[in-house]
2 protein chains.
Amino acid sequence: MRILHHLPLSPQCRQVRLVLGEKRLPYEPVIERVWERREEFLHLNPSGEVPVLVEENGLAIPEGRVICEYLDEAYPDTPLMGRTLAERVETRRLMAWFDTKFAAEVTRNLVGEKVDKRQFGRGHPDGNALRAGYANMRFHMDYIGWLAETRTWLAGPALSMADFAAAAHLSALDFIGDVDWSKAPAAKDWYARVKSRPCFRSLLNDRVSGFNPPEHYANLDF
Amino acid sequence: MRILHHLPLSPQCRQVRLVLGEKRLPYEPVIERVWERREEFLHLNPSGEVPVLVEENGLAIPEGRVICEYLDEAYPDTPLMGRTLAERVETRRLMAWFDTKFAAEVTRNLVGEKVDKRQFGRGHPDGNALRAGYANMRFHMDYIGWLAETRTWLAGPALSMADFAAAAHLSALDFIGDVDWSKAPAAKDWYARVKSRPCFRSLLNDRVSGFNPPEHYANLDF
């Protein structure tokens, strides 16, 4: 069986789980406590980070965007990268946007401070980081809303890796109750459409000790 | 004419210049002072960062890895991503490694502190960051040396985007005199092979006001 080494609230891992689900590729999720720096895991991925996908033939594929590229090449039946060169540029641009800019400006300041710090035993959340995270999120929600209003899906006419990249981050933030959906109606409509897809179910069933998601987290009609 | 908006010492930009050169795709380099946040440029790339490649048909492609994926799809004559699925995973794994891990642990601590801070008007280099950068670089040079000793090129049997990703970072560090080649013979041999390729010439001719590269920087027999 295909194995995914992951952490439940890591957006990169969530993105890969959504893509695996959308492509109907079965896998066994295995939680990897990366802070323990397990030697066997470092052999799979010298960077020591999740996600790492291990195929039945033994091929180990690390890193969110690398896994997404691999999955679209190896299993092209449900293409998620876009059709034309321009569509593929836009999908990858948004994957990079969420993976780097959104991650640095929002997710790291909120999920990083509230969840990762506790998991890694690195103390309490920093107030300045939280304030920056909330302030940055307002601009990012406006941007997601603008994309959702002007296009069918975030990167264009078709559902793509970009939707799963964005939804992965938002779902982790929603798990810790940090998304104010009332102020982002267009983003909320788009998120409701992604959230109602069957691939999303495994994310909505996540339980993480020490954290209780808000009631609307797993509700499709939030 | 194809235009590349770039900064001379940005590793992501250098990687794209090497790939464009290797694929013999002519382009006009245009220096973009990203810290001025020029409105026209923000329309090309809302993240406000270089590199951005603009094709003659107007298609704007931002972000190093996104541009590399695009160039290999749009101009497949000199393939640089690997042939088999496993080779492509390894190429992309190393691209991600240099783009995120090497960048955060080495380049940001040295090029970021010495060059970017001055360009952005953000004060003097931080001593702790410099010390961390030099310490981290030793491990990374060992890793590059190990890859170079066990494979023909960094990702496997063929020259790939991974070689250009690594060489882009090392060339920026070499420009500010921060690579001690005497302690990394295997990495040096590999780098000499990449450096002697015609695509490297434009990087070796770079001049950046306020910085004088060491004599060996542009020397193919360093």
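What follows is calculated from the coordinates using simple rules that are stated; it is not laboratory data. The shown structure was predicted, so the numbers you read here are calculated from the model rather than taken from an experiment. Here Cβ is always computed from backbone atoms with ideal geometry, including for glycine, and neighbour counts include all displayed protein chains.
When the residues of the range A:45-101 are narrowed to those that are more than 18 Å from A:Ala162 (Cβ to Cβ) and among the charged types (D, E, K, R), which ends up farthest from the other protein chains (Cβ to nearest Cβ)?
This residue is A:Asp77.
Kindly indicate which of B:Pro51, B:Pro29 is touching an Asp or Glu at 6+ places or on another chain (Cβ under 8 Å) and of a type outside the set (D, E, K, R).
On inspection, the qualifying residue turns out to be B:Pro51.
Can you confirm whether A:Glu87 is closer than 20 Å to A:Cys199 by Cβ and either assigned to a helix (DSSP H, G or I) or of a type in the set (Val, Ile, Thr) (or both)?
no
Go through the range A:152-214 and tell me which helices (runs of 4 or more DSSP H), entirely inside it, have 2 or more residues that are farther than 17 Å from A:Thr107 by Cβ.
Values: elements: A:161-175, A:185-195, A:201-204.
Ranges flagged: A:185-195, A:201-204.
Would you please name the residue that is nearest to B:Ala103 (Cα to Cα), looking only at residues in the range B:49-73 that are hydrophobic (A, V, I, L, M, F, W, C) and without any contact (Cβ under 8 Å) to a residue 12 or more places away in the chain?
B:Val66
Outside any helix (DSSP H, G or I) and among the acidic types (Asp, Glu): which single residue out of A:Glu49, A:Glu40 fits that description?
A:Glu49
Hey, any hits in the range B:11-22 for a residue that's in a loop (DSSP other than H, G, I, E, B) and either under 20 Å from the mean Cα position of the chain (by Cα) or surrounded by fewer than 23 Cβ atoms within 10 Å (Cβ to Cβ) (or both)?
Residues of the range B:11-22 in a loop (DSSP other than H, G, I, E, B): none.
Within the range B:11-22, not a single residue is in a loop (DSSP other than H, G, I, E, B) and either under 20 Å from the mean Cα position of the chain (by Cα) or surrounded by fewer than 23 Cβ atoms within 10 Å (Cβ to Cβ) (or both).
Give the residues of the range A:28-44 that are under 22 Å from A:Leu71 (Cβ atoms) and more than 14 Å from every other protein chain (Cβ to nearest Cβ), sorted by residue number.
Scanning the range A:28-44 gives A:Glu28, A:Pro29, A:Val30, A:Ile31, A:Glu32, A:Phe41.
Mind checking which residues of the range A:166-190 are surrounded by fewer than 23 Cβ atoms within 10 Å (Cβ to Cβ) and over 12 Å from the mean Cα position of the chain (by Cα)?
Scanning the range A:166-190 gives A:Ile176, A:Gly177, A:Asp178, A:Asp180, A:Trp181, A:Ser182, A:Lys183, A:Ala184, A:Pro185, A:Ala186, A:Lys188, A:Asp189.
Within the range A:142-162, can one find any residue that is within 23 Å of A:His6 (Cα to Cα) and touching a Phe, Trp or Tyr at 6+ places or on another chain (Cβ under 8 Å)?
The answer is yes, given that some residue of the range A:142-162 is within 23 Å of A:His6 (Cα to Cα) and touching a Phe, Trp or Tyr at 6+ places or on another chain (Cβ under 8 Å).
Could you list, in sequence order, all residues of the range A:25-71 that are loosely packed, with under 14 Cβ neighbours inside 10 Å and on the phi > 0 side of the Ramachandran plot?
Within the range A:25-71, A:Arg37, A:Gly58 qualify.
Taking the range B:106-142 on its own, how many of its residues are surrounded by fewer than 15 Cβ atoms within 10 Å (Cβ to Cβ) and of a type in the set (S, T, N, Q)?
1
Would you be able to tell me the number of residues in the range A:36-59 that are under 20 Å from the mean Cα position of the chain (by Cα) and hydrophobic (A, V, I, L, M, F, W, C)?
4
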